[in-house]
Structures are given as C-alpha cells and as structure tokens.
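Below is one structure; the comments refer to it alone.
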Amino acid sequence: MKEKKEKVRGQYLYEMQILFGDQSLEKIRHRKRMEDCLPIEGADHWIYLDRAKRFIQVRIV
C-alpha cells in the first residue's frame with residue numbers, strides 16, 4: 001500500500017474504511033436512500049477514529 005499519511009498544507013491525510021451492513025447494501029442495490037441506515041444524532045458508536053494511525057472506520061447498518 002502506498003504511504004498516504006504525509007502532511008499536506010497543514011492537514012493530514014487519513015485512510016478511511018466504510019463497512020456496510022445488510023440493510024445498507026440492500027438499499028445500495030436498489031438505488032434507495034440510506035438515511036435510515038445511519039444511527040440517531042449524537043450516537044458515536046458507528047465511527048472509530050485513530051488519530052495516531054490516521055485511520056477512520058465508519059459502520060453503516
């Protein structure tokens with residue numbers, strides 16, 4: 001994998017991984033909107049952030 005964690009204009013590049021669950025994949029297949037696949041406002045259990053490794057993981061149900 002090419003190194004993408006260098007500093008650019010005072011900001012850092014992060015690697016991001018998006019994990020789709022069965023419900024969101026079904027909506028994608030049928031070209032439907034996915035708003036109801038996201039958790040309620042204020043919930044943070046679906047996002048993982050590792051600043052040291054510059055990595056973000058998002059889980060969409």
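Every read-out reported here was derived from the displayed coordinates using simple, explicitly stated rules and does not represent laboratory data. This structure is a prediction, so every number in the text was calculated from the model and none was measured. Ideal geometry is used to build each Cβ from the backbone, glycine not excepted, and the neighbour counts take in all protein chains shown.
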Cβ-placed point charges (K, R +1; D, E -1), dipole of the chain about Cα centre in debye, nearest 20: 400
For the chain, place one equal point scatterer on every Cα, skip the solvent, and apply the Debye formula. What is log10 of I(q)/I(0) at q = 0.13, 0.21, 0.29 Å⁻¹? -0.48, -0.87, -1.16
Net length gained if the chain between D22 and M34 were fully extended (0.36 nm per residue, minus Cα distance): 3.1 nm
Rounded to the nearest 500 deg cm²/dmol, what is the calculated helix-only ellipticity per residue at 222 nm for the chain, with -39500 (n - 2.57) per DSSP H run of length n ≥ 4? -3500 deg cm²/dmol
